[in-house]
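> Pasting in a structure now, in structure tokens, and then I'll have a few things to ask.
The values are calculated or read from the model by the stated rules, or taken from the named source; none is laboratory data. Quick caveat, the model's predicted, so the values are computed rather than measured. Don't worry about glycine lacking a Cβ; one is built from the backbone with ideal geometry, like all the others, and counts go over all protein chains shown. Just so you know, the surface numbers come from the protein's heavy atoms only, side chains and all, with ligands and any DNA or RNA stripped out. Shrake-Rupley method; radii C 1.70, N 1.55, O 1.52, S 1.80 Å.
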Amino acid sequence: FLWQRSGGPRGPTHKRPRPGADGSWPPPAPHPMTDAKADADAGSQTNLRKRWRVSPDETRVLEMVFALTPRPNKAAIQQLSATLRVTPRQVQVWFQN
């Protein structure tokens, strides 16, 4: 009963059930309270960064630069990020969109 048979295009195959982390069978069920709390904590840690909402002044600056150079080089991105006080990645994504 530990082996499951399933017929496929190449004939019957045998699949062995997976044991728990310590080798015991059946694997222990996760505790609903501790795992849910751990998932919630992990999710809150990854969502700490807030979305960058571009102000009208920042939009004007970015659009002026875009009119001159639609694909700025790294130096221009660095200078813009310092001027706007955002990360270079945020400026890069703005130009990609």
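> From the list Asp39, Asp57, Asp35, pick out the single residue that is open to solvent by 80 Å² or more (accessible area, probe 1.4 Å), at pLDDT below 90 and not basic (Lys, Arg).
Going through Asp39, Asp57, Asp35 in turn, just one is open to solvent by 80 Å² or more (accessible area, probe 1.4 Å), at pLDDT below 90 and not basic (Lys, Arg): Asp39.
> Do any residues in the range 72-97 that are touching a residue at least 40 places away in the same chain (Cβ under 8 Å) and closer than 20 Å to Lys50 by Cα have Cβ atoms under 8 Å from those of residues that are open to solvent by 70 Å² or more (accessible area, probe 1.4 Å) and not charged (D, E, K, R), where the two are at least six apart or on different chains, and which pairs are they?
No pair meets every condition.
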